[in-house]
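Shown next, in structure tokens, is the structure this report addresses.
Derivation of every value follows stated rules applied to the coordinates shown; laboratory data play no part. All figures in this text were calculated on a predicted structure; none of them were measured in a lab. All Cβ positions, even for glycine, are placed from backbone atoms using ideal geometry, and neighbour counts span all protein chains on display.
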Amino acid sequence: MATERLAENLVHYGHARGVTTLTLDSPANRNALSSALVGELAARLGRAEKDGDVRAVVVTHSGTTFCAGADLRDPPDPDALVGLLRQIVALRKPVVARVDGHVRAGGLGLLGACDIAVASAGSSFAFTEVRIGVAPAVISLPLLPRLDPRAVARYYLTGERFDAAEAARIGLVTAAADEVDVALEPVLDGLRRASPQALEETKQLLTVKVLEAFDRDAEPLTALSARLFATDAAREGMTAFLERRDPAWVL
């Protein structure tokens, strides 16, 4: 499989047998959503969508973390993050997440936007926003229409870590597997056997309610995110996170 990189070297682009693989590779921040990574991933997705040889897109990662959430030192513009998530949902090709590691906060929004997500049994997940003084606002756009309401209330409010089996139970991922690549084989084979026209039209059927959530709620949730990140509580939470200590409110 041939691979190439953009100048920032944060997302690798590979293609083989109709499947384009986009690999997040930003080890300095555990593949966190920096403004640069968000822009590069959006560009790569745009290229894949226009390529007639692409039947499906796989988003995966290097290292032990799929995505650590927003980069607190170089956070993406909220509108850019909304744009990336909506781009994944609305892409004319199916998007599959391959997870073999940890996923936190904003990284869970990427999973929610994908059509199919398969995680290894050793992967872990957490909505950690409440622990730094903010809320999972923007990432709720693709997540809330797809997740079990009782489970999402628990994990949004507590920031607890949960495993791949629980992620599958609540609808965050499609499946948890001992060998993620083995589990993906029939998925990718099925996508290769499907008509490109049928895939595009079927994906549109599946994403109607998610796109309705974007059209209805993107503006207020983006405003909420911006407001919360500007508060004293968020500044304390982010500072504590970067200093590897508990924030002042912990009892």
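The alpha carbon centroids of the stretch 70-84 and the stretch 181-251 are separated by 11 Å. Rounded to whole Å, the principal axis extents of the Cα atoms in the stretch 36-82 read 37, 28, 14, largest first.
Counting Lys and Arg as +1 and Asp and Glu as -1 over every other residue whose Cβ lies under 13 Å from the Cβ of residue 54, the net charge comes to +4. The value given for the chain is a Kirkwood hydrodynamic radius of 18.3 Å, derived from the mean inverse Cα-Cα separation. Extension gain for residue 242-residue 204 works out to 9.6 nm (0.36 nm per residue, less the C-alpha to C-alpha distance). Note on the stretch 25-152: Cα-Cα pairs beyond 17 Å make up 56% of the total pair count. Relative to the current alpha-carbon distance between residue 150 and residue 90, full extension at 0.36 nm per residue lengthens the span by 18.9 nm.
Peptides 13-26, 221-234 ranked from most to least packed give 13-26, 221-234, packing being the mean of other C-beta atoms within 10 angstrom over each peptide's residues.
Taking other Cβ atoms within 10 Å as a rough exposure proxy, 50, 93, 203 sort from fewest to most as 50, 203, 93. Helix content alone sets the calculated 222 nm mean residue ellipticity of the chain: runs of n ≥ 4 DSSP H residues at -39500 (n - 2.57) each, divided across all residues, give -14000 deg cm²/dmol. Residue by residue, the stretch 33-40 carries 3J(HN,Hα) couplings of 7, 7, 4, 5, 5, 4, x, 5 Hz when phi is fed to the Karplus relation 6.51 cos²θ - 1.76 cosθ + 1.60 (θ = phi - 60°); x denotes Gly or Pro.
DSSP bridge analysis restricted to the stretch 1-142 gives an antiparallel fraction near 35%, rounded to the nearest 5.
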